[in-house]
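Notes follow once the structure below has been shown.
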Amino acid sequence: MAREIRRIDTKYALTLETAHGTVTAWAAPAPGRHAVFSAVRQDGKNLPESSYLAGTVRPGDLITSDSGQAAYVIRKHWEQLRDAGHLDDATSEFTKLRVAWHWRTIAALVALTLLSMLTTFG
């Protein structure tokens, strides 16, 4: 999969842009405005080189955020593979992007939300 990654973004959540589509990890959201305002300069230092855009990092790339922590791990591994020459081969190992929805988790969330609404307003 590392060969397929074209861009790692953290604007709203951790997003991996691949040759076959985009994958968004909503479990790794970008920080809210309060977290951004409480960030310190040290949070944006010693990140993988692909984290920096025009000499600065996005708030979602800060190591103190969920998206930043996930992006740090992925970028570090991706850059190690790239620097070792493992990503030079232009052939793709996948023909299409596989996305899996966790329907049981979604159903449980909907059921619990409805149940909480019933107990609150019932």
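The values are calculated or read from the model by the stated rules, or taken from the named source; none is laboratory data. In this text, all values refer to a predicted model and were calculated from it rather than measured experimentally. With ideal geometry, Cβ positions are generated from the backbone for all residues, glycine too; neighbour counts draw on all protein chains shown.
Could you tell me whether any residue of region 50-70 is of a type in the set (K, R), modelled with pLDDT under 80 and under 29 Å from W101 (Cα atoms)? Looking for residues that are of a type in the set (K, R), modelled with pLDDT under 80 and under 29 Å from W101 (Cα atoms), one finds at least one in region 50-70, hence yes. A search for C-beta distances below 7 Å between a residue of region 95-106 that is within 23 Å of H20 (Cα to Cα) and any residue that is of a type outside the set (A, V, I, L, M) and surrounded by 10 or more Cβ atoms within 10 Å (Cβ to Cβ), counting only pairs 6+ apart in sequence or on different chains, returns K96/H20; L97/T18; L97/H20; L97/G21. When V73 is tested against (1) among the hydrophobic types (A, V, I, L, M, F, W, C); (2) surrounded by fewer than 13 Cβ atoms within 10 Å (Cβ to Cβ); (3) over 16 Å from the mean Cα position of the chain (by Cα), just one condition goes unmet, and that condition is (3).
Within region 99-122, restricting attention to residues that are assigned to a helix (DSSP H, G or I), among the aliphatic types (A, V, I, L, M) and closer than 16 Å to A27 by Cβ, which residue is farthest from the chain's Cα centre (by Cα)?
A108
Within region 1-53, the residues that satisfy the criterion of being touching a helix residue (DSSP H, G or I) at 6+ places or on another chain (Cβ under 9 Å), among the hydrophobic types (A, V, I, L, M, F, W, C) and not in a loop (DSSP other than H, G, I, E, B) are A2, I5, I8, A13, L14, L16, A25, A27, A28, A35, V36, L53.
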